[in-house]
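Only one structure is covered here, and it is reproduced in the block below.
The values are calculated or read from the model by the stated rules, or taken from the named source; none is laboratory data. Nothing here was measured: the structure is a model prediction, and the numbers come from that model. Cβ sites come from the backbone with ideal geometry, for glycine too, and all protein chains shown count toward neighbours.
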Amino acid sequence: MNPYEILAVHSDATPHDIVQAAALALRTRKYSATEIAEARMQLMNPEKRIILDFIYHVDISPLLHPGKGTDTSEPTLSVTEATERLEYLSVFES
Amino acid sequence: MKKKSKKKIQRPEDVLKRAEKLFKKKSFQAAQREYEKFKKLNKNKVRISEEVVEHMAVCRRETAVIRAGELAKKARRLLKKGQQHQAIQIFEQAFKLTGDRKLLETISKLRADSADKDFIDSVNQAEAAGNFSKAAEMLGRRLETCADKSLLCRRARCLVKSGQWQQAAAVYADGHCTETADLYAHGFALAKEGRFFDCLTVWQRIQSEHPAFTRQKEAVVSLFLQEAEAELEKEPLQNADDIISRVQSLALHGDFSSAAELLNRCHLLKLAKLWQGNRIDEIVKRDVITKPLNITVLAIQARAAFLHVEAGGSKLAVGTIRKFIDLWLSSLFVSGTETVREPLVKAGLELVKKYVGYHPDSGGQLLRQWEKNVKLLSILDKLRATGKIDKSILLLTPALALRTGTCRDILLLIVENKEAFSDEQFFLNAAAWYSKGAAALLMAENHDYEGAFTYLDKLDKDKNDPFVAHAVTMVRVACGLNALSCQDFKKAQTLLATAVESLDGSEWLLEQLVAELDIEEDWDAERLNVCADILTLLQKKYPSDNVAAALCRVMTRRAVELFNTGKMNIRVLVKTLVTASALNPDDEITKYHLDGAKCNLEIAELNKYIDRFKLSAAGRLAADTQYSEVREIFFNMIGQICDEAEQESFSRADAGMVLVQKFLKHAKSVDPLHPVTLRLETIAEKNR
């Protein structure tokens, strides 16, 4: 289980934030007390925290909006213009 | 005098008589004519019987039928000539004569056909004039009263040609029109409506490679892709699935590179979505690795693999752990900073060790793979830190480098920075793992020895490349050792002998080979034969204390095993052990076996001398031997002689005494203080 998700905290959460978040999580009862305690313990452990930070935080924005390379080709027509340019072909008329 | 011709006056009675006669002969037409003549002449003078009236009616009817038949024939002739209108008139005349229902049906059909022809002519004229809108309208009106499929399709095509895309698409939507021209027109209308995916779906059914059509299809594909791109920009994670299914259903990726790119992007977005949803198992199952590598994808895959292995524990297959090793280490060396790398490497290794704890059989190979990869990536990272490496090059394990096509770049860096490698052997190994032989090496590492062995053929053209050659040798060693463990001794012998020929002084390989050939618990004679042969080759080619020691141990084990199973006699055993001992005089086990064998050999010889009554030779052997066991056997034999002498069992007393004297002499030379010697002395004294 993702401890950040269980406690609803970000990767930059301080120990104080984590304690508060654990208390809140216990009140909301979305996760069991054992899960919350385990998540709190993991995030309070500095060595473990390095590993957890690495594992659970991936910046997926490069996948959402990949930068487009420099396009040296001719400017493309808009969809409307290109659609208008389509001409009926008579090649299939008997 | 000229005779004046007289017109014969016909009497009505005679005419009627003739008519009746003709009626009886069933000449109804002639009879009818006569009846008509009678009517004109009679003027009610002669009374007509009811029978005659009936005959007259029959004649009228029959005459009409005959006439109608003639008219119908004529009409049909006209029809054949294409004179439809005249034919209809004649059929109508015939119908008036008889009122025949069949004739009426023919007339109706002909009238309808004529109307259709007129209609079609009008539509044709409209189309020829380019007035497709009018043609579509006419066809639409006609379709209100007649559900003709061909007219429906024709109307749809006219709608397309008149630019009424929406109406045309609506007409085509019912799927009745399946002619290629209709499929094309349908797709075209959809494309004009901006429904590019629908257009391409319809056009998929057209089997045509006409250049104009192909061009237009490509244009529509391009529009579809543009539209899909725009959708992805708006809602990347939500639309990816839908776009994947659409692109896949059109099977475009093979023909259109931009479609393949789009599909690839959608797959990556799907991966991001799975990551956001914590769907770790699905991410691991998808095993998406792009070529070229996308760092974010690697990051997701590596982390998912970690969580998967952490949760999966003992249930996972070795292959999953292998993949985890590649992904995790590559991810750490591609993007992890040095400060966080150490604990992360440690965490990964702990996972591997935990798995090895469950599956000790696979432990060696997994830990070797881990170690090899850490070593390779660490040296490459070291090069990067000294600025000797191009920062843009991704440091990947050989397996991932092979999958993402970056082997060549890494190999170039290794070769260009040879001086950074302190050890020539390590340099050669590193280069081999990123050379063209990497695939074969990886197969061998994954225990696919058959695949690796087959792959060697593909490397034949690169055999002059030193790194490929080294990789080939490494693969041969791995395959040979595997054949050895599978008891395929012939194959093992061939592969290992070839590998030894091309070892080129590779100490690392040599050590590996020697370690594998010299296994302490191994007592299989056939296997030992191969090991001894290969070690002998090694000792000839690359003599060293290490190889000599291994060969000594293997030779000893083989000789002892052969002797124990009765396949080697004691003399050969001693000879072999002497040779083995010469290779490594300090080898305690060989020394121990040699000692025992020598002792056994002397005992055997002593027994032989005794059996042949060669007492001098036996005595000399017992005197010279260093083994107390040999001496004891000698004295046992003399003891028996003493027993016989004391019991005076010798046939001749003097002969017995000669023997005692002889034995005493030899016994004294062996051990003068031995109880048997002393006993012999007493017997000799008594009988003196």
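Do we find a residue being among the small types (Gly, Ala, Ser) and either more than 13 Å from chain A (Cβ to nearest Cβ) or touching a helix residue (DSSP H, G or I) at 6+ places or on another chain (Cβ under 8 Å) (or both) anywhere in the stretch B:270-283? The answer is yes, given that some residue of the stretch B:270-283 is among the small types (Gly, Ala, Ser) and either more than 13 Å from chain A (Cβ to nearest Cβ) or touching a helix residue (DSSP H, G or I) at 6+ places or on another chain (Cβ under 8 Å) (or both).
Which of the residues that make up the stretch B:113-130 are touching a residue at least 12 places away in the same chain (Cβ under 8 Å) and under 17 Å from A:GLU93 (Cα atoms)?
Just the residues of the stretch B:113-130 that are touching a residue at least 12 places away in the same chain (Cβ under 8 Å), to begin with: B:113-114, B:117, B:119, B:122-123, B:126-127.
If the condition is that a residue be touching a residue at least 12 places away in the same chain (Cβ under 8 Å) and under 17 Å from A:GLU93 (Cα atoms), then B:VAL123, B:ALA126, B:GLU127 are the ones that fit.
Inclusion of B:LYS375 among residues that are under 24 Å from B:THR473 (Cβ atoms), without any contact (Cβ under 8 Å) to a residue 60 or more places away in the chain, among the basic types (Lys, Arg) and touching a helix residue (DSSP H, G or I) at 6+ places or on another chain (Cβ under 9 Å) is warranted. Scanning the stretch B:229-247 for residues that are more than 8 Å from chain A (Cβ to nearest Cβ) and of a type in the set (D, E, K, R) returns B:GLU229, B:GLU231, B:LYS234, B:GLU235, B:ASP241, B:ASP242, B:ARG246. Select from the stretch B:145-171 the residues that are closer than 13 Å to B:HIS186 by Cβ, among the aliphatic types (A, V, I, L, M) and either in contact (Cβ under 8 Å) with a residue 24 or more places away in the chain or surrounded by fewer than 18 Cβ atoms within 10 Å (Cβ to Cβ) (or both) and list them in ascending order. The answer is B:LEU152, B:ALA156, B:LEU159, B:VAL160, B:ALA169, B:ALA170. Inside the stretch B:196-228, residues that are more than 10 Å from chain A (Cβ to nearest Cβ) and not in a helix (DSSP H, G or I) make up a count of 4.
Among the residues of the stretch A:67-86, write down those that are modelled with pLDDT of 75 or more and in a loop (DSSP other than H, G, I, E, B). Answer for the stretch A:67-86, where residues must be modelled with pLDDT of 75 or more and in a loop (DSSP other than H, G, I, E, B): A:SER78, A:ARG85, A:LEU86. Only helices (runs of 4 or more DSSP H) whose full extent lies in the stretch B:271-362 are considered here, and the ones with at least 2 residues that are more than 26 Å from B:LEU380 (Cβ to Cβ) and within 28 Å of the chain's Cα centre (by Cα) are B:280-286, B:295-312.
Looking only at residues that are in a helix (DSSP H, G or I) and at the interface with chain A (Cβ under 9 Å from one of its Cβ atoms) in the stretch B:185-195, which one is surrounded by the fewest Cβ atoms within 10 Å (Cβ to Cβ)?
Of the residues in the stretch B:185-195, the ones in a helix (DSSP H, G or I) are B:185-192.
Add one more test, that the residue is at the interface with chain A (Cβ under 9 Å from one of its Cβ atoms), and what stays is B:185, B:188, B:191-192.
Numbers: B:ALA185: 28, B:PHE188: 25, B:ALA191: 27, B:LYS192: 20.
By that ranking, first place goes to B:LYS192.
Residues that are hydrophobic (A, V, I, L, M, F, W, C) and under 28 Å from the mean Cα position of the chain (by Cα): which helices (runs of 4 or more DSSP H) entirely in the stretch B:407-523 hold 3 or more of them? Working first, answer last.
Working: elements: B:407-416, B:424-433, B:438-445, B:449-455, B:466-485, B:489-501, B:507-517.
So the answer is B:438-445, B:466-485.
Taking the condition touching a Phe, Trp or Tyr at 6+ places or on another chain (Cβ under 8 Å), of a type outside the set (Lys, Arg) and either more than 14 Å from every other protein chain (Cβ to nearest Cβ) or touching a residue at least 24 places away in the same chain (Cβ under 8 Å) (or both), does A:LEU24 pass? Judged against the criteria, A:LEU24 is not a match. Scanning for something assigned by TED's automatic domain parsing to the domain that holds B:VAL160 and hydroxyl-bearing (Ser, Thr, Tyr), does the stretch B:184-205 turn up at least one residue? Yes, there is a match, as at least one residue in the stretch B:184-205 is assigned by TED's automatic domain parsing to the domain that holds B:VAL160 and hydroxyl-bearing (Ser, Thr, Tyr). The single condition among (1) modelled with pLDDT of 85 or more; (2) surrounded by 14 or more Cβ atoms within 10 Å (Cβ to Cβ); (3) within 30 Å of B:LEU223 (Cβ to Cβ) that A:LEU64 does not meet is (1). Applying the criterion of being surrounded by fewer than 21 Cβ atoms within 10 Å (Cβ to Cβ) and either away from every other protein chain (no Cβ under 14 Å) or in contact with a Phe, Trp or Tyr (Cβ under 6 Å, 6 or more places away or on another chain) (or both) to the residues of the stretch B:172-184, the residue that is farthest from A:SER90 (Cα to Cα) is B:ASP174. Of the residues making up the stretch B:331-378, those that are within 14 Å of chain A (Cβ to nearest Cβ) and closer than 24 Å to A:ASP59 by Cα number 18.
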